[in-house]
Amino acid sequence: MISRGRRWNLLDLPAFAAFLGGDPAGVVTCRFEKNECEITSLNSFVENRGIGAALIAAVEDTAREKGCRRLWLVTTNDNLHAIGFYQRRGFRLAALHRGAVDKARKMKPQIPELGMNRIPLRDEIELEKLLSPTPAPPSSPAAHPLW
Ligand SMILES: CC(C)(COP(=O)(O)OP(=O)(O)OC[C@H]1O[C@@H](n2cnc3c(N)ncnc32)[C@H](O)[C@@H]1OP(=O)(O)O)[C@@H](O)C(=O)NCCC(=O)NCCS
């Protein structure tokens, strides 16, 4: 997988798998760098059953536990479904990397010219979700205001 000009072997990255009735239903991979977490791949094998959302939630929970302040990913300009899917789950458009897929194709010639929805596959779209730190539990005994 190539993202932002860097090549990753997904088999080397942390992953979560989802199962439905014991059968594999989806996989997400991610990587942690500094205080950020990138979702490097997300694939649901049983769509519209909440698998994709559950996998994102698993990564998000882990990213918060590790103190990450930003969860981010890139998708491609043709993936209209994913662009909507992520935005409905709190991600915002963060950057357009125009021509990034054309550059990636030079590293990985198997990337097709034509993508989903019969859209030429050219650009990377970066989406992000900023993570606020998990609030610390109240100290005990509770402090009282002085009024
Ligand atoms: C994008 C992708 C991961 C979504 O996975 P998914 O398992 O279908 O995701 P979910 O089931 O959580 O959500 C999909 C829709 O199903 C709906 N849904 C969830 N549970 C449902 C249920 N029990 N019954 C009916 N609908 C349901 C959700 O509301 C959601 O709709 P919304 O986005 O309009 O809110 C999947 O389409 C996929 O693998 N695509 C190919 C690879 C890809 O593009 N990956 C992302 C690129 S970075």
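The values are calculated or read from the model by the stated rules, or taken from the named source; none is laboratory data. Keep in mind that what you see is a predicted model, and the values were worked out from it rather than measured. In this analysis, Cβ positions are derived from the backbone assuming ideal geometry, glycine residues included, and neighbour counts consider all displayed protein chains.
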- Name the pairs: first residue in the range 29-57 and within 16 Å of N9 (Cβ to Cβ), second residue hydroxyl-bearing (S, T, Y) and near the ligand (Cβ under 8 Å from one of its atoms), Cβ to Cβ under 8 Å, at least 6 apart or on different chains? T29/S41
- Item | Residue count, the range 57-94 (criterion: closer than 17 Å to I125 by Cβ and part of a loop (DSSP other than H, G, I, E, B)) | 7
- Message: Pairs please, first residue from the range 94-115 and under 14 Å from M1 (Cα atoms), second anywhere and of a type in the set (S, T, Y) and outside any helix (DSSP H, G or I), Cβ atoms under 6 Å, 6+ apart in sequence or on different chains.
- Response: V101/T76
- Query: Is there a residue being outside the structural domain of L20 (by TED's automatic domain parsing) and away from the ligand (no atom under 11 Å from the Cβ) anywhere in the range 82-90?
  - Reply: yes
- D12 passes all but one of the listed conditions (1) exposed (fewer than 12 other Cβ atoms within 10 Å of the Cβ); (2) within 19 Å of L127 (Cα to Cα); the exception is number (2)
- Task: Could you check, for the range 63-78, whether at least one of its residues is within 11 Å of the ligand (Cβ to nearest atom) and over 15 Å from C30 (Cα atoms)?
- Result: yes
- What do you reckon, is A54 near the ligand (Cβ under 8 Å from one of its atoms), outside any strand (DSSP E or B) and surrounded by 12 or more Cβ atoms within 10 Å (Cβ to Cβ)? yes
